[in-house]
Amino acid sequence: MEQAVLTRSGKGVGHEEAFEKIANVIEMYREKEGSLIQVLHRSQAIYGCLPLEVQQFIAERMGISLAKVSGVVTFYSFFSTVPKGEHTIRVCMGTACYVRGGRKIEEYLAKHLGVAARGTTSDGKFTFEIARCFGSCGLAPAMMINDTIYKQVNINKLDKILEQY
Ligand code: FES
């Protein structure tokens, strides 16, 4: 039986089907500037993450080295080589947020979710990451869940925020 790939949206797609879609994305972006980042973004959305076999496939099809692809994947925190949870929580640990309680938020979330930073909860619901500045330093400490930024967060607000997910 064909292996199912769990995408970020939680919908399973076939392994072959995912690679076919990635090949189409590569064709679409082949001649465009900055295409590798775009290809990686779209591929992560299709496959759910960017494991080595996906990186190898992209490198071969784009005619570039695996080292180059891996270098980009590991440089940007929004790329992941392992499947992510349904929602991604990012706690800012930039200077302003760190000084104003970012560490307390990290500790609370780690305890509450039962997973250390860069981990995914056992039910696959949340991936918990540490991030750098979101540009909301004036209202630190800040955190993000998916694309939503929460400002002036404190541990009393966290349960209410998480309940929405
Ligand atoms: S340091 Fe956290 S938003 Fe800037």
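The values are calculated or read from the model by the stated rules, or taken from the named source; none is laboratory data. Note that the coordinates shown come from a computational prediction; the quantities given were computed from them, not determined experimentally. Neighbour counts run over all protein chains shown; Cβ positions are idealised from the backbone, glycine included.
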Q) If you check E17 against the conditions, is it in contact with an Asp or Glu (Cβ under 9 Å, 6 or more places away or on another chain), modelled with pLDDT of 65 or more and not assigned by TED's automatic domain parsing to the domain that holds F126? A) yes
(Q) Condition (residue is of a type in the set (S, T, Y) and either closer than 16 Å to V82 by Cα or modelled with pLDDT of 95 or more (or both)) applied to region 40-57: is it met by at least one residue? (A) yes
Q) From the residues in region 52-68 that are surrounded by fewer than 17 Cβ atoms within 10 Å (Cβ to Cβ) and of a type in the set (A, V, I, L, M, F, W, C), which one is nearest to the chain's Cα centre (by Cα)? A) L52
Q: Report yes if C49 is buried (at least 17 other Cβ atoms within 10 Å of the Cβ), within 19 Å of R118 (Cβ to Cβ) and in the same structural domain as K151 (by TED's automatic domain parsing), otherwise no.
A: no
Q) Give me the pairs: first residue in region 55-79 and on the phi > 0 side of the Ramachandran plot, second residue surrounded by 13 or more Cβ atoms within 10 Å (Cβ to Cβ) and outside any loop (DSSP other than H, G, I, E, B), beta-carbon distance under 7 Å, and six or more apart or on different chains, which are they? A) none
Q: Could you tell me whether region 69-81 includes any residue that is closer than 24 Å to N156 by Cβ, crowded, with 20+ Cβ neighbours inside 10 Å and not basic (K, R)?
A: no
(Q) If I ask for residues that are of a type outside the set (S, T, N, Q) and near the ligand (Cβ under 6 Å from one of its atoms), which ones from region 136-145 would you list? (A) C137, A140, A142
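So that you can scan it fast, the table gives a plain yes or no per residue for (1) within 16 Å of the ligand (Cβ to nearest atom); (2) in a strand (DSSP E or B); (3) without any contact (Cβ under 8 Å) to a residue 24 or more places away in the chain:
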site: V91; (1), (2), (3): yes, yes, no
site: G101; (1), (2), (3): yes, no, no
site: K104; (1), (2), (3): yes, no, no
site: L109; (1), (2), (3): yes, no, no
site: V115; (1), (2), (3): no, no, yes
site: S122; (1), (2), (3): no, no, yes
site: T127; (1), (2), (3): no, yes, no
site: C133; (1), (2), (3): yes, no, no
